Amino acid sequence: MSELTIKGTIKTVLDVQSGTAKTSGNEWKKLTFVVANNEGYEGKEQIFAFEIFGEEKVENFQKYNKVGQNVEVSFNIGTNEWKGKYFTSLSAWKVMSESSSATVTTEVERQKTDLPF
């Protein structure tokens, strides 16, 4: 699959959600933020709700991003099934501000950049 990216402006940042995984007992944190752009049909506004999972990634996002900021978001699309219903999510793995080089990067992406070749 090719890399998926969206450029736009952060419109909303929702409150951080947290909990404990039932199977592993590990704690988790999730943040949802909305990016808007005018790339829809005939310039109509489009909105995209992205999720960021993990305490470090959530903290980095909050530290370097704010409502009104122009960003480029790299993301994956995932769908889960639960009791016959399907839920699709946009999981952001990198958020780059157009005005700086501050990013939120997952551990997988960090490992890719640490390769010696």
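Among W28, W82, W93, sorting on how many other beta-carbon atoms sit within 10 Å of each Cβ, with the fewest leading, yields W82, W28, W93. Quick one: check the C-alpha center-to-center distance for segment 1-55 versus segment 79-98, whole angstrom. So the two Cα centres are separated by 8 Å. The relative contact order of segment 4-113, computed from alpha carbon pairs under 8 Å that lie at least 6 residues apart in sequence, is 24 percent.
Segment Y41..K7, full-extension length gain: 10.7 nm, with 0.36 nm per residue of separation and the alpha-carbon distance subtracted.
Note on segment 4-113: Cα-only Rg and Dmax are 14.7, 48 Å.
In segment 1-105, what trypsin sites (Lys or Arg not before Pro) fall in a loop by DSSP, with at most 13 other Cβ atoms inside 10 Å? Walk me through the numbers on the way to the answer.
Values: sites: K7, K11, K22, K29, K30, K44, K57, K63, K66, K83, K85, K94; in loops: K22, K44, K66, K83.
Passing both the DSSP loop test and the Cβ count: K22, K44, K66, K83.
Computed from the C-beta positions of F48 and E27, the FRET efficiency with R₀ = 25 Å rounds to 0.40. At full extension, Y86 and E72 could sit 2.3 nm farther apart than now, given 0.36 nm per residue minus the alpha carbon distance.
Read-outs throughout are calculated quantities, based only on the coordinates presented, and are distinct from any laboratory measurement. The structure displayed is predicted, hence computed values, not measured ones. Here Cβ is always computed from backbone atoms with ideal geometry, including for glycine, and neighbour counts include all displayed protein chains.
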